[in-house]
Amino acid sequence: MKAILAVFMLFCLSPVFSAGEGALAFPGNLYKQNAQAVVILFSVPDCAYCEKVRQQSLRHIHTDPNYKGRVAVYEIDFSDSKRNFTWFDGNSYTGKSLAGPLNVKFSPTVIVFNAKGAVAGKPLLGASLPEFYGAYLDELIKAAWAL
């Protein structure tokens, strides 16, 4: 029992699951964005796995020379029914009103879109090993560029 408690405490106190810099940028207006690929993390408040995905796979994109100026990264709280943003189609949504049409039910969910809002491939659900997650994310970004 003590061993299980020790592992649990180590897991909870691990920097991977501790609070980081907070949410990524809120989209505001995707209808007028210029990126060739748009990566959106759909999250909920206090999601430890969302923080893992933010830190290990998404925060670095804006500084990567292969992505700089070509990929935008945003975060939407899909439980939020108050904060509005403009979607690729020019219509106004909240995270909650968009979650249904996009079938977002799990946190974290990462979806990659092309510049016009077409989904580039199968969404990434949950958090996995950074090596695999990064490779899958890279494939989706390249798919968005090709659409």
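The table below lists the values:
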| read-out | value |
| --- | --- |
| Distance violations [Cα-Cα > 24 Å] among K32/K82; K68/K116; K52/K82 | K52/K82 |
| Added length on full extension, which subtracts the Cα-Cα distance from 0.36 nm per residue, V44 to D64 | 4.6 nm |
| DSSP bridge pairs, the chain: antiparallel proportion in percent, nearest 5 | 60 percent |
| Rounded percent of accessible protein surface that carbon and sulfur make up, the chain, 1.4 Å probe | 59 percent |
| Residue-averaged [θ]222 nm for the chain, counting only DSSP H segments that reach four residues, each worth -39500 (n - 2.57) | -9000 deg cm²/dmol |
| Proximal aspartates and glutamates to K142, defined as alpha-carbon separation beneath 16 angstrom and excluding residues fewer than eight positions away on the same chain | D64 |
| Set of aspartates and glutamates near K122 by C-alpha distance (under 17 Å), chain-local residues within fewer than 8 positions excluded | D138, E139 |
| In degrees, nearest ten, helix 130-146 long axis to first principal axis of the chain (Cα) | 0 degrees |
| With Cα atoms, 0 to 90° folded angle of helix 2-13 axis to the chain main axis | 30 degrees |
| Accessible surface, the range 69-147, averaged per residue in Å² (probe 1.4 Å) | 53 Å² |
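The values are calculated or read from the model by the stated rules, or taken from the named source; none is laboratory data. Note that the structure is predicted; figures quoted are calculated from it, not measured. For the accessible areas, the whole protein counts, side chains as well, though only heavy atoms, and no ligand, DNA or RNA atoms are used. Shrake-Rupley method; radii C 1.70, N 1.55, O 1.52, S 1.80 Å.
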